[in-house]
Amino acid sequence: MNEKIKTLFDCIKNMCKSDLDRIINFVLGIVSVNQQLTDRPGCPHCASSRVIKYGHKNGKQRFFCKNCTHTFMHITNTLMANSHYSQVIWADFIRDTLYGEPLDNSAEKFGFSHQTAFNMRHKVLMALQNLLKQKSVLLSGIVEFDETFVLDCYKGAPVPECAERNARKHGAKAAKRGISNEYVAICTGIQRNGGIVAETVNRAKPLAEELNAVFRGHIAEDTLILTDGLRSYNVLETLTNCKVINVNHEECKEMFNLNTVNSLHSYIKETYNHYRGVATKYINRYNALFSIAFRCAKDLKNTLFAALCNSGQTCYWHSVKDVRSYQLVTL
């Protein structure tokens, strides 16, 4: 495992138990067990406090909201909804995800199948993806934009005929030289000492329309945009009152660089290698995870805690059906 990946996972493992438990509770989107036993929660559908106890379901307390007439339980709209497993198992599973444990190791430890572990991990990834959409990143100041490329992957499924290639083994290289349709682009924008936007919308070099779709609403006024000279990035000037600079121009080389975004790209590729590839249709879910992880590498405890708390009544819960269909990447 690469040293940078080791550093991140060691940082998480060295966190004190109370900080790690707080992060896990916010990922789960629920309050502590003691609060669940004594308090009447607000309605997760309308936030009303006009709630009464309404019997039990599967041995768990059920509530009725007099305002919207919905029934709910403590775990409604959380990752534990419609799950057979307890909060303890979910908390340990999320801890394994943060530690970078392989799915099969977690499945064996908890005694469930690989498919169940797969579904649970993707429920966590979809929740993080929704979190980034709800708390949209606004890039400002000096922002570096560039794209990086990873091999397309049909992990867990046969290679379709439209791919026009044979299946590859893990670690194999592309059949064609250079950037080809075997690669997918991850368009990235990163503010120095700030937020990250990372999304996949295309293969090969991104077009102006695709960059417009990725970064619209994520760039503040008077932002200084640094690029490697790809003309498609000039479209960003039309989004807000900002200036695009090509760092490869002779007069700019000594003043500007793309070191921050290049560091992000190295981290993404190293982490993809750690996971031995990621299915292309799920790539944006992992982009959300890696964006948060890279942002939190220097101060994981405070940044990740701030990112996942104060979610209010927002629902980050997804069903098993969503794992197979929710916001998949189609290229």
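Just so you know, all these numbers are worked out from the coordinates, no wet-lab data involved. None of these values were measured; they are calculated from a predicted model.
Across the stretch 127-138, coupling constants 3J(HN,Hα) worked out from phi with the 6.51/-1.76/1.60 Karplus curve, θ = phi - 60°, read 5, 5, 4, 5, 4, 5, 6, 5, 9, 4, 7, 10 Hz, and Gly and Pro carry x.
Pairwise inverse Cα distances across the stretch 142-278, averaged and inverted, put the Kirkwood hydrodynamic radius at 16.3 Å.
Two-decimal Rg/Rh of the stretch 124-175 from alpha-carbon positions, Kirkwood Rh?
Working: Rg = 17.2 Å, Rh = 15.1 Å.
Reported Rg/Rh (Cα atoms, Kirkwood Rh): 1.14.
Legend: residue pairs LYS133/LYS169; LYS109/LYS321; LYS176/LYS253; LYS176/LYS269; LYS173/LYS205, Cα-Cα distance threshold 27 Å; pairs beyond threshold, LYS133/LYS169; LYS176/LYS253. Over the stretch 38-97, how many percent of alpha carbon pairs lie in each 5 Å bin up to the one with the longest distance? Percent of Cα pairs in each bin: 4, 18, 26, 21, 15, 10, 5, 1.
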